[in-house]
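Working notes, beginning with the structure itself.
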Amino acid sequence: MADETVVEAAARIPKVVVVVCLLRGYKVLLGRRRSSLGDSMFSLPGGHLEYGESFEECAIREVKEETGLDIDQLEFINVTNNLFSEEGKPYHYVVVSMRAVLADHQHAQNVEPDFCDGWGWYEWNNLPKPLFSPLEKAVQAGFNPFPV
Ligand code: IPR
Ligand code: MG
């Protein structure tokens, strides 16, 4: 398309992100996004897979960058293909979901306040609204990060 901007063209390239379900009891850690994409919506910690990273490495790095938490013993949950739009702009994300169980003494810090209002623990059966599109879609499809 002749009139397409570089930013618009980049948005049409599918991207891989790794999100992490940090579990404590029957709660999960969510933060309210500060971003042009999914602003004010509740989201799992996570972000873009960098060149050469494993899913585990990406999960550990993103959780550290965003919450200050050190996590290990990560488990792969699933991968979903997400095509959604925000204010009419289409986005295509392949979302890899991982999980890790957190001990009581570990506390999340809001390391990137420009990108997140803060982290909180939410009961899986009483999640806050609105959820960010990929998470909302997964929940609607019956996604449950807790081990059976
Ligand atoms: P980064 O890499 O900045 O943490 O990405 P993000 O959190 O803005 O995006 C990850 C979620 C996808 C689905 C937009
Ligand atoms: Mg992120």
Given Cβ charges of +1 for Lys and Arg and -1 for Asp and Glu, the option among Asn78, Pro45, Ala108 whose Cα lies farthest towards the positive end of the dipole of segment 15-148 is Asn78
When the charge dipole of segment 1-136 is computed with +1 on Lys and Arg Cβ and -1 on Asp and Glu Cβ about the Cα centre, the Cα farthest towards its positive end, among Gly118, Val28, Ala10, belongs to Val28
Restricted to pairs 8 or more residues apart or on different chains, the lysines in the chain with C-alpha atoms under 23 Å apart form a number of pairs equal to 9
Residue-normalised value, i.e. accessible area per residue, for the chain at 1.4 Å probe, in Å², stands at 58 Å²
Expressed as a percent, the accessible surface of segment 1-98 that is carbon or sulfur, using a 1.4 Å probe and the full set of protein chains, is 55 percent
To the nearest 20 debye, segment 49-148 has a Cα-centred charge dipole, built from +1 on Lys and Arg Cβ and -1 on Asp and Glu Cβ, of 460 debye
For the chain, averaging the sequence separation of alpha carbon pairs under 8 Å that lie six or more residues apart and dividing by its residue count, the contact order in percent is 32 percent
Computed from every Cα-Cα pair in segment 70-131, P(r) in 10 Å bins starting at 0 and rounded to whole percents is 15, 32, 46, 8, 0
So the pair-distance distribution of the chain, from every Cα-Cα distance in 10 Å bins, comes to percents of 11, 42, 36, 9, 2, 0
Of 128-134, 114-120, 38-44, 16-22, ordering from highest average Cβ density within 10 Å down gives 16-22, 38-44, 128-134, 114-120
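The values are calculated or read from the model by the stated rules, or taken from the named source; none is laboratory data. Everything quoted here is computed from the prediction, not taken from an experiment. Methodologically, a virtual Cβ is constructed for each residue, glycine included, from the backbone with ideal geometry; neighbour enumeration extends over all protein chains shown. Surface areas here come from the heavy atoms of the whole protein model, side chains and all, with no ligands, DNA or RNA. Shrake-Rupley method; radii C 1.70, N 1.55, O 1.52, S 1.80 Å.
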